[in-house]
1. Output the residues belonging to region 119-132 that are in contact with a helix residue (DSSP H, G or I) (Cβ under 9 Å, 6 or more places away or on another chain) and either at pLDDT 95 or above or under 13 Å from residue 149 (Cβ atoms) (or both).
2. Any residue in region 1-15 that is at pLDDT below 90, in contact with a helix residue (DSSP H, G or I) (Cβ under 9 Å, 6 or more places away or on another chain), farther than 28 Å from residue 86 by Cβ and assigned to a loop (DSSP other than H, G, I, E, B)?
3. Within region 43-54, is there a residue that is surrounded by 17 or more Cβ atoms within 10 Å (Cβ to Cβ), without any contact (Cβ under 8 Å) to a residue 24 or more places away in the chain and outside any helix (DSSP H, G or I)?
4. For residue 91, only one of the following conditions fails: (1) at pLDDT 80 or above; (2) under 30 Å from residue 142 (Cα atoms). What is its number?
5. I'm checking my understanding of the structure. Among residues of region 133-150 that are surrounded by fewer than 17 Cβ atoms within 10 Å (Cβ to Cβ) and out of contact with any helix residue (DSSP H, G or I) (no Cβ under 9 Å at 6 or more places or on another chain), which one is nearest to residue 104 (Cα to Cα)?
6. From the list 58, 62, 81, which residue is more than 30 Å from the chain's Cα centre (by Cα), outside the structural domain of residue 142 (by TED's automatic domain parsing) and either modelled with pLDDT under 90 or part of a loop (DSSP other than H, G, I, E, B) (or both)?
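The values are calculated or read from the model by the stated rules, or taken from the named source; none is laboratory data. Predicted model, so just to flag it, every value in this text is computed and none were measured. So basically every Cβ, Gly included, is an ideal-geometry build from the backbone, and we count neighbours across all protein chains shown.
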């Protein structure tokens, strides 16, 4: 069991080095299976999986097979997780021009001829703008953004006014 534990600890050390140094140690030409995350996951799972199998009474050969199986599964999971993280969304925060035509909610009363405030919720972003309307609108009114006055101000119309 001791050799398997040493192998597992070495795998954890590779994973820790890959966390600190990132992609510096990755072998770019060899593909995803030879990334430090995949190799560290494989080696650590091989060691700890083999040690667990041996502790359960399996002979060395079968413990090795269990360790290799656990290593392959862990390496695949590390590759999949790395892909998810690298290709995750990096959507930009919407600009004032982007909110034109979106629905919003009045959060601060819009007086006649003055400014109130609205919030626009889109794609996980909560944006707040100063807003002007043709007539007074109380807080809580659902509105539609109809124009852009400046980077921080828009014109709105109540959604029930916009219906035909």
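1. If the condition is that a residue be in contact with a helix residue (DSSP H, G or I) (Cβ under 9 Å, 6 or more places away or on another chain) and either at pLDDT 95 or above or under 13 Å from residue 149 (Cβ atoms) (or both), then 129 is the only one that fits.
2. Checked against the condition, which is being at pLDDT below 90, in contact with a helix residue (DSSP H, G or I) (Cβ under 9 Å, 6 or more places away or on another chain), farther than 28 Å from residue 86 by Cβ and assigned to a loop (DSSP other than H, G, I, E, B), region 1-15 yields at least one hit.
3. No.
4. Residue 91 satisfies all of (1) at pLDDT 80 or above; (2) under 30 Å from residue 142 (Cα atoms) except (1).
5. Per the stated criteria, the residue is 140.
6. Of 58, 62, 81, the one residue that is more than 30 Å from the chain's Cα centre (by Cα), outside the structural domain of residue 142 (by TED's automatic domain parsing) and either modelled with pLDDT under 90 or part of a loop (DSSP other than H, G, I, E, B) (or both) is 58.
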